[in-house]
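Values quoted throughout were computed directly from the atomic coordinates according to the rules given, and no laboratory measurement underlies them. The structure displayed is predicted, hence computed values, not measured ones. For neighbour counting, all protein chains shown are included, and Cβ atoms are generated from backbone atoms with ideal geometry for every residue, glycine included.
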Ligand SMILES: CC(C)(COP(=O)(O)OP(=O)(O)OC[C@H]1O[C@@H](n2cnc3c(N)ncnc32)[C@H](O)[C@@H]1OP(=O)(O)O)[C@@H](O)C(=O)NCCC(=O)NCCS
C-alpha cells in the first residue's frame, strides 16, 4: 500500500520547526563533545563508556543550544528521575542514540513543556509491543496505513516524548499504558492520556514525527499561553 510520509529533511530542521524561537543542536561525532562540567561528571562516573559518551554528547548539545539563546556555559544537572535540570526560566529536552544526540531548548516564558525522542528504525521489536502499547493500539496498528511496525514505533517514541515533557512540568510519572497514540501518515500524532496528571488540563496532546537517516524522530512542544486570559492555551495547561 502506498503511504504519504513526511519529507526526509535533516533532523536539526525538524527540531527547529516546532517553534520559531526554539534553539536546537545535534552531534553525530561524539569525539567532538566538550567536557562534562562539575556535578555532571559524577552522574556518569561509574557508567559504561557508551553511556558516558551519549550523556556527554547530550550535555554538549544542550550547552550549544542554550548558548544560542544567550545562556553562558553551565552545569546541566540531573534530577531525581534523571530529568535534565535546566537553568531557571528555560526548558528543554535531550535525546540520543549511540551515534546521534540532540537537545532542544526554549525560554520558559514561551514554552511550557517539550519532549524530543530519537529511535533507530526497527528498534521496537514486536515482542516489546505489549509492554509499551495498549491492546487497543496493537489492534488499531494492524490496520494502520503506516504499517504496524512503523505505527508501533511512532507510538512508543511519542510516549517517550510525553514522559520527557510532562514529568518535569507535573512531577507525574505516566505508565506506557496511560496514554494512547494515534500516528498519522502525514507526520503528526495525537496522544490521549487516560489519567490527566494534576496541573495538566489537556487529555489530548499533539506532536510530530519524521523518518530521517535511519532514525525515527518524534517531538512534542506545548507553547505558553499568550496571556492568562487566553482561552486556547488554557485548554492545554492549567
Ligand atoms: C527516560 C526515558 C524516557 C529515556 O528514553 P530513551 O529513549 O531510553 O532515551 P533518550 O536518549 O531518548 O532520552 C534520554 C534522555 O531523556 C532525558 N530524561 C530522562 N528522564 C527524564 C525525565 N524524567 N524527564 C525529562 N527528561 C528525562 C535525559 O536527558 C536523558 O538523557 P541523559 O540521561 O543522558 O541526560 C525512558 O528510558 C523511560 O524511562 N521511559 C519510561 C517512562 C515513559 O516513557 N512512560 C511513558 C509515558 S506515556
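Please report Rg over Rh for the stretch 78-152, where both radii come from the alpha carbon positions and Rh follows the Kirkwood definition.
1.09
Averaging the inverse of every distinct alpha carbon separation and then flipping it gives the Kirkwood radius. What is it for the stretch 80-206, in angstrom units?
15.4
Shape call for the chain from the C-alpha gyration tensor, a ≥ b ≥ c root eigenvalues: rounded (a/c under 1.5), prolate (a/b greater than b/c) or oblate?
The shape class here is oblate.
Would you mind listing how long the stretch 33-133 runs along its three principal axes, going by Cα atoms, in whole Å with the largest first?
Principal axes ranked by extent give 44, 34, 24 Å for the Cα atoms.
Using the Kirkwood radius over Cα pairs, work out the Stokes-Einstein diffusion coefficient for the stretch 6-81 at 10 °C and 1.306 mPa s, in µm²/s as a whole number.
In µm²/s, the coefficient rounds to 116.
Can you order the peptides 208-220, 119-131 by their average number of other Cβ atoms within 10 Å per residue, highest first?
So the peptides 208-220, 119-131, ranked by packing, come out 208-220, 119-131.
Peptides 101-108, 36-43: what's the order by average Cβ count within 10 Å, highest mean first?
Highest mean packing first, the order is 101-108, 36-43.
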